[in-house]
């Protein structure tokens, strides 16, 4: 998390996302994959959270549902982007 705060300040992240900080937030897991040059990340074409993956299996539609997307700490609370 501290390495992430070196790139984007903690207050800025909170102001955009409105989500409390936790090591399990997806943004830090993805940052770890980037920093370690993970082959998983290189092979990935799409990102889906586990609930969104199950939704994809049932519907065939790849989408990120807002409420689970917000918990990744990668979603703007004000714009929904």
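Quick notes on this structure:
- Breaking point among (1) in contact with a helix residue (DSSP H, G or I) (Cβ under 8 Å, 6 or more places away or on another chain); (2) modelled with pLDDT under 90; (3) in a helix (DSSP H, G or I), for residue 64: (3)
- Pick from the range 23-46, criterion part of a loop (DSSP other than H, G, I, E, B) and more than 17 Å from residue 76 (Cα to Cα), ranking: nearest to the chain's Cα centre (by Cα): 24
- Residue in the range 71-81 that is surrounded by 10 or more Cβ atoms within 10 Å (Cβ to Cβ) and in a helix (DSSP H, G or I) present: no
- Selection count where residues are touching a helix residue (DSSP H, G or I) at 6+ places or on another chain (Cβ under 7 Å) and within 26 Å of residue 15 (Cβ to Cβ), scope the range 38-50: 1
- Complete set of residues in the range 36-63 that are closer than 23 Å to residue 4 by Cα and surrounded by 10 or more Cβ atoms within 10 Å (Cβ to Cβ): 36, 38, 41, 44, 47, 48, 49
The values are calculated or read from the model by the stated rules, or taken from the named source; none is laboratory data. Keep in mind the model is a prediction, meaning the values are calculated, not measured. Ideal geometry is used to build each Cβ from the backbone, glycine not excepted, and the neighbour counts take in all protein chains shown.
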